[in-house]
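Novice: Dumping the structure here so I can ask a few things about it.
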Amino acid sequence: MRIPVAGSQSTSMVGLDPARAVDTRRTNGSGHLGRAYRAGRLVCGWVHVTISVDERLGLTPQERRRVRLRFHEPLDDGLRSELAQLMAHRGAAARRAADRVDPIEIVVDDPHGAREHILGQVEPPQVRHGQLRDIEFALRKLEPTR
C-alpha cells in the first residue's frame, strides 16, 4: 500500500535576497537556458540549467541550492575533452579530474529579462553513459575571490 506524501509547494528562499526566491515546484521539473564562459570566452552556447532546492535540515541557504547542467553542441573542444575525462573516471579519480577542470561561468537567462551569473566548478556526473546532452553535471558554486 502506498501512502501519498504531500510535497512542499511553497516558495523557498535562496540566500538572503528575497528577489531570488525559488519556487521548488517550478525548478524541480524544469530548467532554464544558459551559456557557459571561461575567461570571458564562450565555450558552450546552449546549456540546460536546472536549479532546485535541497529541503534537508541542517544545510545553509547556499548549500540548499543545487545547480545541474547539461551541455549541448556546439561545444568548445577543450571543455568537451574535460567533460569526457569526468565521465570516464569514478570515485576519487573522478574528484581529482574535477579538481583539474578550470572554473566555468554560467549565465542563466531568466524569462523576465534578468540574467544570473553563477561561477562554479563542474562536478563528475552520477550517470556516465549516453550522449553528452543527456548527462547531468553538478555545479559546485565558487565564492568570488576578493
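Novice: Using the number of other C-beta atoms within 10 angstrom as an exposure proxy, rank VAL49, VAL127 with the fewest first.
Specialist: Sorted ascending by nearby Cβ count, the order is VAL127, VAL49.
Novice: Please arrange HIS129, HIS48, HIS112 by how many other C-beta atoms lie within 10 Å of their C-beta, fewest to most.
Specialist: Result, fewest neighbours first: HIS112, HIS129, HIS48.
Novice: Calculate one ³J(HN,Hα) per residue across the range 69-76 by plugging θ = phi - 60° into the Karplus curve 6.51 cos²θ - 1.76 cosθ + 1.60, and present them in order as whole Hz with x for glycine and proline.
Specialist: 10, 10, 8, 10, 6, x, 10, 4
Novice: From the backbone phi of the range 124-134, what are the Karplus-calculated ³J(HN,Hα) couplings (6.51 cos²θ - 1.76 cosθ + 1.60, θ = phi - 60°) in whole Hz, Gly and Pro given as x?
Specialist: x, x, 7, 9, 10, 10, x, 6, 4, 5, 9
Novice: Mind listing the phi-derived Karplus ³J(HN,Hα) values for the range 97-103, rounded to whole Hz, using 6.51, -1.76 and 1.60 with θ = phi - 60°, and x for any glycine or proline?
Specialist: Whole-Hz 3J(HN,Hα) from phi for the range 97-103: 5, 5, 5, 7, 6, 5, x.
Novice: Could you work out the local net charge near PHE137, counting Lys and Arg as +1, Asp and Glu as -1, over the other residues with Cβ closer than 13 Å to its Cβ?
Specialist: Once positives and negatives cancel, what remains is +3.
None of the figures in this text is laboratory data; all of them are computed from the coordinates on show. Quantities reported herein were computed from a predicted structural model and do not represent experimental measurements. Every residue, glycine among them, receives a Cβ derived from its backbone with ideal geometry; neighbour counts consider all protein chains shown.
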